[in-house]
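First up is the structure itself, then whatever we jot down about it.
The values are calculated or read from the model by the stated rules, or taken from the named source; none is laboratory data. Every value quoted in this text rests on a predicted model; they were computed, and no experiment measured them. Cβ sites come from the backbone with ideal geometry, for glycine too, and all protein chains shown count toward neighbours. We work out accessible area using only protein heavy atoms, side chains counted, and drop any ligands, DNA or RNA first. Shrake-Rupley method; radii C 1.70, N 1.55, O 1.52, S 1.80 Å.
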Amino acid sequence: MTRTRTHLLVASAGLVLAAVGCGTGSATPAEGAPQEKPAWSEPDRYSFRLLSESGERGDLGDYRIMVENGKVVKAIGLDESARRTVKDNPHNVPTLGGLLTQVQEARADHAEVAHTVFAADGHPTEVHIDWQKNAIDDEADYYVTEYRELP
């Protein structure tokens, strides 16, 4: 085999491997792809614990939240950042309905990532938003635990 032919063969093999390597290899939905919303509607009264992480936003921290009629009626900051938000900017403490609205708005604005994970009963357990993949500190990650519907 000539030297030129060897180089062409190596280059061709590299292109094929690069093209194969570009696939996700996963059956999960693409990041930012709309996902079917399970049958869950925000109840009149509920409580949950929320861990808000990532990015540079005003609602970071660990919270215990109670919601009535779609509005936060009680929020307790479980760490310093959350306590500061509850004290200085209580309007930044989200409801689960508010988080789902944020995901819908992010999808409408063509965010790179707008992904929600739901529990078996349909309430959101994780919300991940990243408006621009290459931008620094515009991500929002929320983790929901201790969800309870209240009488």
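Determine, yes or no, whether E68 is within 19 Å of the chain's Cα centre (by Cα) and at pLDDT 50 or above.
Against the criterion (within 19 Å of the chain's Cα centre (by Cα) and at pLDDT 50 or above), E68 does not qualify.
Could you check, for the stretch 58-65, whether at least one of its residues is among the β-branched types (V, I, T) and touching a residue at least 40 places away in the same chain (Cβ under 8 Å)?
Scanning the stretch 58-65, I find no residue that is among the β-branched types (V, I, T) and touching a residue at least 40 places away in the same chain (Cβ under 8 Å), so the answer is no.
Among the residues of the stretch 105-149, how many are in a loop (DSSP other than H, G, I, E, B), in contact with an Asp or Glu (Cβ under 8 Å, 6 or more places away or on another chain) and open to solvent by less than 70 Å² (accessible area, probe 1.4 Å)?
3
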